[in-house]
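J.: Here it is: the structure, laid out below.
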Amino acid sequence: MRILSIETSCDETAISIVNVVGDFPNATYEIAGNALHSQIDIHAEFGGVFPKVAKREHALALVPMLISALTEAELLEEGLTFVRDEEAEKIRVLLEREDGLAAFLLDFLEKNNLPEIDLIAVTSGPGLEPALWVGISFAKALAAVLKCPVVPVNHMEGHILASLYNVVEDDRVAQIIFPAVALLISGGHTELILMSDWIKYEKIGQTRDDAIGEAFDKVARLMGLPYPGGPEIGKLAAIARTRNLPPYKDRLPRPMITTDDFDFSFSGLKTAVRYSVEGETLTDDNKQALARDFEDAVTDVLIKKTHKAAEKYGIESLIVGGGVSASVFIRHSLTTHFLAHFPDCEVYFPNPGLSTDNSIMIALAGHAQMTTARTAGAIPLIRAEGNRSL
Ligand code: KG4
Ligand code: ZN
């Protein structure tokens, strides 16, 4: 089957065409086309993501991403997609609030033949609601023409499956042993999810305030570093480690490291950084030292809480996913820790390019959740759920 997947939950506009052979979780997933437009440059100016700006940018980027994914998949054919008057009207109504998207799509359909698609998978949450709605409305509009079902996907399930998908070797999702724990660390989330089997998720811990990626981004901003902050802090921290620089001022706190639960808190850490830099002009040495201490602090907490979860639930697999899992230091630290303390537990990280938001992961999760797909009459019921939980 051929899946068209759409991701617009935050600041990436992404569309993929994935050819699937077999049933989940034993299928192969061939990425025929994969297009992604990052809004990072726009949001960098403001130091963070503004929902209204993100929404407008998604509306501008969706049709170009569709063209790009179809072209890569060699499925774009000049011609005319036959759109009945009532379908065109439906598209206009669905995309009425989406900054010109109806006109872009109708124009595209006038010039191109749409290929056969068996399923549309679209992120319905969690994420920024105005941004999610653009993708959802676009999915509904396409479904009206393609006459195919739509499956609303949980973005976090996408991150979990992205970490298990081996695009480098066999195009398959790893056959993991349960129980497993997923440590999801991204710009919007910090969660520990227990999996007793495929598709069975139980949230056992989460952040009580800021997400870890948000903390990276805010701390970077306090230090005068560009958005997104994670990679910037990572680079400086790596230099500090090779130079063996001690912490800048007092060592930063490790929030909630000793609490008897699986929750996290990062806003205090951010405040501690704010106090230490307030009124100061940071030298390069100061920045490196601070970046290292910050990255060490969050890593210590992640390791401690994940260790506790591994012990309590006797896990056989650890899945680490989300944008922050791109961090070389966090990867290395978690891997060495688990090798030393849980040598039988397999640790999974996303392949390159699949840590941060993408639409391949939405195709994977859409296929996993195919039984929940909605057909014509039920498609209008699909809604954006900003706080959708696993
Ligand atoms: O998963 P993601 O792309 O978007 C959300 O769903 O939130 O995660 C984005 C977050 C940003 O906060 C960014 O600073 C962080 O991931 N990030 C990193 C690295 N690359 C991206 N954090 C630490 N180290 C990195 N190398
Ligand atoms: Zn994400």
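J.: Let me confirm something: among 299, 306, 281, which residue is without any contact (Cβ under 8 Å) to a residue 40 or more places away in the chain, open to solvent by less than 20 Å² (accessible area, probe 1.4 Å) and more than 14 Å from the chain's Cα centre (by Cα)?
T.: When all the criteria are applied, what remains is 299.
J.: Could you check how many residues of the stretch 72-96 are in contact with a strand residue (DSSP E or B) (Cβ under 7 Å, 6 or more places away or on another chain) and open to solvent by less than 90 Å² (accessible area, probe 1.4 Å)?
T.: The total comes to 5.
J.: I've got another one for you. Tally time: how many residues in the stretch 105-133 are more than 16 Å from ligand 1 (Cβ to nearest atom), at pLDDT 95 or above and either of a type in the set (A, V, I, L, M) or under 21 Å from residue 18 (Cβ atoms) (or both)?
T.: Total meeting the criteria: 11.
J.: Do any residues in the stretch 202-222 that are on the phi < 0 side of the Ramachandran plot have Cβ atoms under 6 Å from those of residues that are open to solvent by 60 Å² or more (accessible area, probe 1.4 Å) and of a type outside the set (Asp, Glu), where the two are at least six apart or on different chains, and which pairs are they?
T.: Partner pairs satisfying both residue conditions: 222/274.
J.: Go through the stretch 134-243 and tell me which strands (runs of 3 or more DSSP E), entirely inside it, have 2 or more residues that are among the basic types (Lys, Arg).
T.: 200-206
J.: Being within 15 Å of ligand 1 (Cβ to nearest atom) and basic (Lys, Arg) is true for just one of 331, 383. Which residue is that?
T.: Result: 331 is the single residue among 331, 383 that is within 15 Å of ligand 1 (Cβ to nearest atom) and basic (Lys, Arg).
J.: Checking residue 231 against (1) surrounded by 24 or more Cβ atoms within 10 Å (Cβ to Cβ); (2) near ligand 1 (Cβ under 9 Å from one of its atoms): exactly one of these is not met. Which one?
T.: Only one criterion is unmet by residue 231, namely (1).
J.: Looking at the stretch 226-262, which of its residues are away from ligand 2 (no atom under 16 Å from the Cβ) and under 13 Å from residue 329 (Cα atoms)? Lay out the reasoning, then the answer.
T.: So in the stretch 226-262, the residues away from ligand 2 (no atom under 16 Å from the Cβ) come out as 226, 232-262.
If the condition is that a residue be away from ligand 2 (no atom under 16 Å from the Cβ) and under 13 Å from residue 329 (Cα atoms), then 232, 233, 234, 235, 236, 237, 238, 239, 240, 241, 242 are the ones that fit.
J.: Please go through the stretch 241-262 and give me each residue that is under 29 Å from residue 205 (Cβ atoms) and open to solvent by less than 30 Å² (accessible area, probe 1.4 Å), ordered by number.
T.: Step one: of the stretch 241-262, the residues under 29 Å from residue 205 (Cβ atoms) are 241, 247, 250-262.
Result: 252, 255, 262.
J.: Another question, then. Residues of the stretch 9-41 being touching a helix residue (DSSP H, G or I) at 6+ places or on another chain (Cβ under 8 Å) and of a type in the set (Val, Ile, Thr), which ones?
T.: 13, 15, 17, 18, 20, 31
J.: Residues of the stretch 1-41 being among the β-branched types (Val, Ile, Thr) and at pLDDT below 95, which ones?
T.: Of everything in the stretch 1-41, just one residue is among the β-branched types (Val, Ile, Thr) and at pLDDT below 95, namely 40.
J.: Continuing with this model, one more query. Could you please give the count of residues in the stretch 163-188 that are more than 16 Å from residue 27 (Cα to Cα), open to solvent by 40 Å² or more (accessible area, probe 1.4 Å) and under 19 Å from the mean Cα position of the chain (by Cα)?
T.: 2
J.: Still on this structure, I have one more. For a quick check of your reading of the model, give me the residue pairs whose first member lies in the stretch 130-141 and is at positive phi and of a type in the set (Phe, Trp, Tyr), whose second is surrounded by 24 or more Cβ atoms within 10 Å (Cβ to Cβ) and assigned to a helix (DSSP H, G or I), with beta-carbon atoms closer than 8 Å and at least 6 apart or on different chains.
T.: Within 8 Å, no pair qualifies.
J.: Then there's this: Of all the helices (runs of 4 or more DSSP H) wholly in the stretch 1-117, which have at least 3 residues that are over 22 Å from residue 145 (Cα atoms)? So that I can check it myself, show each step before the final result.
T.: On the way: elements: 40-46, 51-72, 85-94, 101-111.
Per the criteria, 40-46, 51-72.
J.: Six or more apart or on different chains, Cβ atoms under 6 Å: show the pairs whose first residue is in the stretch 351-362 and in contact (Cβ under 8 Å) with a residue 12 or more places away in the chain and whose second is part of a helix (DSSP H, G or I) and open to solvent by 10 Å² or more (accessible area, probe 1.4 Å).
T.: So the pair list comes out as 355/323; 355/326; 356/323.
The values are calculated or read from the model by the stated rules, or taken from the named source; none is laboratory data. Not measured: the values here are computed from a predicted model. Here Cβ is always computed from backbone atoms with ideal geometry, including for glycine, and neighbour counts include all displayed protein chains. Please note that ligands, DNA and RNA were not included when accessible areas were found on the heavy atoms of the full protein model with its side chains. Shrake-Rupley method; radii C 1.70, N 1.55, O 1.52, S 1.80 Å.
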